[in-house]
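One structure is given here, and the rest of the page talks about it.
The values are calculated or read from the model by the stated rules, or taken from the named source; none is laboratory data. Here the structure is a predicted model, which means the values were calculated and not measured. Cβ sites come from the backbone with ideal geometry, for glycine too, and all protein chains shown count toward neighbours. Each accessible area value is taken on the protein alone, full model and side chains, heavy atoms only, with ligands, DNA and RNA left out. Shrake-Rupley method; radii C 1.70, N 1.55, O 1.52, S 1.80 Å.
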Amino acid sequence: MSLELIADLREKLGLLDKMKRHLAFSHTKVSYWWRVDAPFDGWSDEQLESLAALKGRFAELQDHLAFAMKLIAMIEQEDTTRFTYVLNYMVQLGIIDDMDEWLSIRDLRNAAAHDYSATEVDKAIHFHSLLQYSDYLFKTLDSLKRFVATAYPINNGKR
């Protein structure tokens, strides 16, 4: 077991906690006024900026969660050649419930990072989905942290 990779994972978990707080802040802020049926032209510049922050923070948290999962697989000397192998292992560990659900969230993240949506309806559905699936990312992080605390406990500085 690589102590260096475990140290990297612990550092990543600290960063993930910050990202979670940032996304939770944006989620709360946007949830307060969000209406899926409201036209984007009606949103203020501040509201549009909040939507952009939500989108960016969602994508960032999802990316870094994926990297943390890969670190766990590397620590456990699992095959990381394909990310689906990593996801399958995360299901086995109980960190995620379903690989297909994670891949759907990944598609949502990709749309967030590369939003070229032309229609108001598509944009509204996209942002509504970001709001709905933020909790999924939060729960995944919590599961990941529980696994790390159990699998790699800190023992007198040895791990």
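Highest mean packing comes first when the peptides 37-43, 12-18 are listed by Cβ atoms within 10 Å, giving 12-18, 37-43. Given R0 = 35 Å, the distance between the Cβ atoms of ARG82 and THR119 translates into a calculated FRET efficiency of 0.55. Calculated mean residue ellipticity, 222 nm, the chain: -26500 deg cm²/dmol, from DSSP H runs (n ≥ 4) at -39500 (n - 2.57) each, averaged per residue and rounded to 500.
From most to least packed by mean Cβ count within 10 Å, the peptides 21-27, 74-80 give 21-27, 74-80. Applying 0.36 nm per residue to the separation of PHE138 and ALA151 and subtracting their alpha-carbon distance, the gain on full extension is 2.7 nm. As a ratio to 2.2 N^0.38 Å, the alpha-carbon radius of gyration for the chain is 1.15. Placing R0 at 41 angstrom, the Cβ-Cβ distance between TRP43 and GLU4 gives a FRET efficiency of 0.35 after rounding to 0.05.
Against the chain, whose longest principal axis comes from its Cα atoms, helix 99-113 is set at around 50 degrees. If you take the Cα centroid of the range 20-88 and the Cα centroid of the range 92-109, the two points sit 13 Å apart. Partner lysines whose Cα lies under 25 Å from the Cα of LYS70, excluding those fewer than 8 positions away in the same chain, are identified as LYS12, LYS18, LYS20, LYS55, LYS139, LYS145, LYS158. Looking at the range 42-100, the trypsin sites (Lys or Arg not before Pro) that sit in a DSSP loop and have at most 16 other Cβ atoms within 10 Å of their own Cβ are ARG82.
Other residues lying with their Cβ under 14 Å from the Cβ of GLU101 contribute a combined charge of -2, Lys and Arg counting +1, Asp and Glu -1. Here the alpha carbons of the range 45-107 define both size measures, Rg and Dmax, at 14.3, 48 Å. For the residues LEU137, LEU103, a 1.4 Å probe over the protein chains yields an accessible-area ranking, largest first, of LEU103, LEU137.
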